[in-house]
Number of protein chains: 2
Amino acid sequence: MTQEQYSKYSFLLDRTARKVKQYAQQQFKSGDFDVTVDQWLVLKNLSENDVLSQTELANLVFKDHPTLTRIIDLLCKKGYVERVPHPQDRRSFQLHLTETGISKVTSLRPEIHHIREKAWEKLSPHDFEEFKRILNTIYQNLNGESLDQ
Amino acid sequence: MTQEQYSKYSFLLDRTARKVKQYAQQQFKSGDFDVTVDQWLVLKNLSENDVLSQTELANLVFKDHPTLTRIIDLLCKKGYVERVPHPQDRRSFQLHLTETGISKVTSLRPEIHHIREKAWEKLSPHDFEEFKRILNTIYQNLNGESLDQ
DNA sequence: TTTATATATTTGTCACACTAACTATTGGTA
DNA sequence: TACCAATAGTTAGTGTGACAAATATATAAA
């Protein structure tokens, strides 16, 4: 394999990741989901963890703090999330879903699973496992010291 | 395989694509390359095609037209690319690298191949082929009618 | 020739990624 | 007590991505 070919993966990876996000976003839009793909990821993680600080949530979804601040801002504006001051630590917030947020997650979850499946037509469960293995290996190769997940 | 597991790929794909871009961008920065990862992709494609219109280039790099307009703006400001009015069609430009742009590509190309290889530690040539196959299949599954590449 | 349609590019808006710098607060230590 | 490093979160600046709409020009149809 030549050097030249080795560089191709980054192009295909970026192109496919963008397509996956774009496809999902279009489906979200045509279904009037009222959230973006990234906002959904945050809502989903909040629904699976009763209370989280922004730092804990940032580590779960692998987004940086400024990005998460803005996503939380938007989700608060939409009424799906609330920032509650931490009782002991005045620097931090406890994030939790509102009632509206909980029912939003409940109603969207099955629809989103359906959207996500579309990408796997013509691919096998074995492909799925190999794909996850390779993605995780690449991630760890580039992630310096911390070999999380 | 449950529905839940099937949704995981989109998270891993997005996370890994961001890591790949972030890692490359850090290396670009510490090497004072003076371009971003996306700007490099554009320069590279221009270097492999003598003259291109913005539309032709956009199709090559799979970026939409507004995004490409802005990247070209930046590359022109940096002196790597020139927009030359098309002799017959006054709507379009012929893009080409300047002398500075050509030498920039020549000097960066080997360094960037080196950076790109890092992701493939602990992975085999077979993994590489499987990875490309799966990425392309996903892309085509979500790409509606046009099954390019 | 006039009209309609298609093409090439730009502009504007919103969302996200990354960096750096900043505020406020906490907790340890001298 | 006073200091100082670490932590939680925000703000600002730049680049990119998606989408819609606008502008200018070209080309085909009536």
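The values are calculated or read from the model by the stated rules, or taken from the named source; none is laboratory data. Just so you know, these numbers come straight off a predicted model, no measurement behind them. Glycine also receives a Cβ, built like all others from the backbone with ideal geometry; neighbour counts cover every protein chain displayed. For accessibility, only protein heavy atoms count, side chains too; no ligands or nucleic acids. Shrake-Rupley method; radii C 1.70, N 1.55, O 1.52, S 1.80 Å.
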*Identify, please: which residue in the stretch B:76-105 is free of Cβ contacts under 8 Å to residues at least 40 places away in the same chain and assigned to a helix (DSSP H, G or I) and is, among those, nearest to DNA strand D (Cβ to nearest atom)?*
B:K77
*Check off (1) acidic (D, E); (2) within 12 Å of DNA strand D (Cβ to nearest atom); (3) more than 21 Å from A:Y23 (Cα to Cα) for B:D14 and give me the number that stays unchecked.*
(3)
_Anything in the stretch B:48-75 that is outside any helix (DSSP H, G or I) and either open to solvent by less than 70 Å² (accessible area, probe 1.4 Å) or within 9 Å of DNA strand D (Cβ to nearest atom) (or both)? List them, or say none._
B:N49, B:L52, B:S53, B:F62, B:K63, B:D64
_What's the number of the only condition in (1) in contact (Cβ under 8 Å) with a residue 24 or more places away in the chain; (2) open to solvent by 20 Å² or more (accessible area, probe 1.4 Å); (3) within 13 Å of DNA strand C (Cβ to nearest atom) that A:V35 fails to meet?_
(2)
*Do we have any residue at all in the stretch B:65-87 that's at the interface with chain A (Cβ under 10 Å from one of its Cβ atoms) and among the aromatic types (F, W, Y)?*
no
*Which is under 16 Å from B:N141 (Cβ atoms) and open to solvent by 50 Å² or more (accessible area, probe 1.4 Å), of A:E99, A:E111, A:E121, A:E129?*
A:E121
*Go through the residues of the stretch B:33-42 one by one and say whether even a single one is more than 10 Å from chain A (Cβ to nearest Cβ) and within 25 Å of B:T137 (Cα to Cα).*
yes
*Sort out which residues of the stretch B:59-98 are hydroxyl-bearing (S, T, Y) and within 11 Å of DNA strand C (Cβ to nearest atom), and write them in order of number.*
B:T67, B:T69, B:S92
*Sort through A:K78, A:K104 and tell me the only one that's modelled with pLDDT of 95 or more, surrounded by 13 or more Cβ atoms within 10 Å (Cβ to Cβ) and more than 17 Å from the chain's Cα centre (by Cα).*
A:K78
